[in-house]
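Below: one structure, written as structure tokens.
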Amino acid sequence: MTAQLSKKGEAWSARFAEPVSDLVKRYTASVFFDKRLATFDIEGSLAHAEMLAHQQIISATDYADIVRGMTQIRGEIEAGSFEWLLDLEDVHLNIEKRLTELVGDAGKRLHTGRSRNDQVATDIRLFLRAAIDDICHQLHALRTALLDLAEQHADTILPGFTHMQVAQPITFGHHMLAYVEMFGRDSERMRDCRRRVNRLPLGAAALAGTTFPIDRERVAHTLGFEDVCHNSLDAVSDRDFAIEFCAAAALVMTHISRMSEELVIWMSPRVGFIDIADRFCTGSSIMPQKKNPDVPELARGKTGRVNGHLIALLTLMKGQPLAYNKDNQEDKEPLFDTVDTVIDTLRIFADMAGGISVKPQAMRAAALQGYATATDLADYLVKKGLPFRDAHEAVARAVRHCVDQECDLSDMSLAALQAFSPLVGEDVFAVLTLEGSVAARDHIGGTAPQQVRKAIERVRKQLA
Ligand code: ARG
């Protein structure tokens, strides 16, 4: 049933004895945020009208009038001259009302066989599909920028950490490739989610379907949907596609946040591994010397709000009986903010990756501290025949000795090393160098510079 559109000071329809209060009107209205769906709403309406005409549910003249009216409305919205009215509650009723003003009865016939319930579900899916495509595009740009950085620093050595303690030497290229992998999985998740977003709710009408001889496949095809939603109740009430999207978005932001944390630490003068171009940093209003990594800090902070949106949508859905409930109107602001935050963040990070200057000297100096090649020494002894646990123990004693003497393993003489294991020979010193250590990890997924180059090559092919 098409609700009669309420005008200012009027009841919602003839069914009602009094108008809603101004507060209720404001409380229930969504137009000031869902007007963002306008172009998708028009696209959906045109596809629906085309099908109605094709099925002879409305006349060809009505369809032509609807197209003409919608074309004008689109122009008005683009020009900013469209008048959005709170009294008309949401984007759907605002556009329908204007259409009727412009083309008369044809405008009133548009809603035949349709409800705002299947209409809004369609709009969100169209919106989200476009957003996912944009996000995939931004992920691609970010991965490309990180690959470039990895390539420039395939040989640059820094300490790898576990527990924030120096663990083993790694290459900076390898470290960047870890993020390339994460963002690659994010991209896969987005593409996978898109398949479930890309299904048509229209035709479900309010909840049970419609008595008109509609052709849902035709509408799906016009709108580029891969399938129709196969149950009308589910079509109007489900938002799991949006929740799934928010989960994928939360993971994108989680990866961004981890990277941000590292950038902030690396840029601290106490670490000094990198600098970030000035255009991504700000100063302090009181401390003239400061240059703060605001962009990564903000991205880390914004991750919290994206995570919050995921929880908001899950909570929105969990108590809802079938089918549509007005609760669902609350899906939009979290979803919009998630999309905006993720897209802006990815765009800025892709740009910022090109503005990271690496300081190989500082990285190298740090890798030389902390006995980063101790595992290499243990592996060396294993290759000479010592069981790994014994080798581990021998090297642990050698490290303890170095800590006491305030020297590095590579500073020890051959004789001094042999005191910890007679298996140590002249060839041990090659193993104790940073270059020897990284070069030795020469297998798929390892940190050796030549593996880094191969990995870059592999991902570049995927991205081409
Ligand atoms: N503004 C509503 C929403 O966003 C549109 C659907 C309203 N349907 C209804 N039966 N009140 O969900």
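The values are calculated or read from the model by the stated rules, or taken from the named source; none is laboratory data. The structure displayed is predicted, hence computed values, not measured ones. Glycine also receives a Cβ, built like all others from the backbone with ideal geometry; neighbour counts cover every protein chain displayed.
Which of the helices (runs of 4 or more DSSP H) contained wholly in the range 334-435 include at least 1 residues that are more than 35 Å from the chain's Cα centre (by Cα) and in contact (Cβ under 8 Å) with a residue 60 or more places away in the chain?
On the way: elements: 360-367, 374-383, 388-405, 414-418, 428-432.
Qualifying helices (runs of 4 or more DSSP H): 374-383.
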query = Scanning for something closer than 20 Å to A205 by Cβ, without any contact (Cβ under 8 Å) to a residue 40 or more places away in the chain and of a type outside the set (V, I, T), does the range 24-33 turn up at least one residue?
reply = no
query = In the range 309-333, how many residues are more than 12 Å from the ligand (Cβ to nearest atom), in contact (Cβ under 8 Å) with a residue 40 or more places away in the chain and part of a helix (DSSP H, G or I)?
reply = 5
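Checking the condition surrounded by 19 or more Cβ atoms within 10 Å (Cβ to Cβ), within 12 Å of the ligand (Cβ to nearest atom), within 32 Å of the chain's Cα centre (by Cα) and not hydrophobic (A, V, I, L, M, F, W, C), which residue from T28, T122 passes?
T122
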message = Let me spell it out: the conditions are (1) within 16 Å of the ligand (Cβ to nearest atom); (2) in a helix (DSSP H, G or I), and L298 meets all of them except one. Which number is the exception?
response = (1)
key: Candidates A131, A204 - the one that is more than 30 Å from W266 (Cβ to Cβ), at pLDDT 95 or above, of a type outside the set (D, E) and in contact with a Ser or Thr (Cβ under 7 Å, 6 or more places away or on another chain)   = A204
query = Hey, does the range 90-98 have a residue that's part of a helix (DSSP H, G or I), more than 35 Å from the chain's Cα centre (by Cα) and surrounded by 14 or more Cβ atoms within 10 Å (Cβ to Cβ)?
reply = yes
task = Would you check which residues across the range 263-300 are touching a Lys or Arg at 6+ places or on another chain (Cβ under 6 Å), over 21 Å from Y179 (Cβ atoms) and not polar (S, T, N, Q) and list them?
result = G283
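Taking the range 83-101 only, how many residues are away from the ligand (no atom under 13 Å from the Cβ) and either under 18 Å from E43 (Cβ atoms) or touching a His at 6+ places or on another chain (Cβ under 9 Å) (or both)? Explain how you work it out, then say what you get.
Of the residues in the range 83-101, the ones away from the ligand (no atom under 13 Å from the Cβ) are 83-85, 87, 97-101.
After this cut, where a residue has to be either under 18 Å from E43 (Cβ atoms) or touching a His at 6+ places or on another chain (Cβ under 9 Å) (or both) as well, the list is 98-99.
The number of residues fulfilling the criteria is 2.
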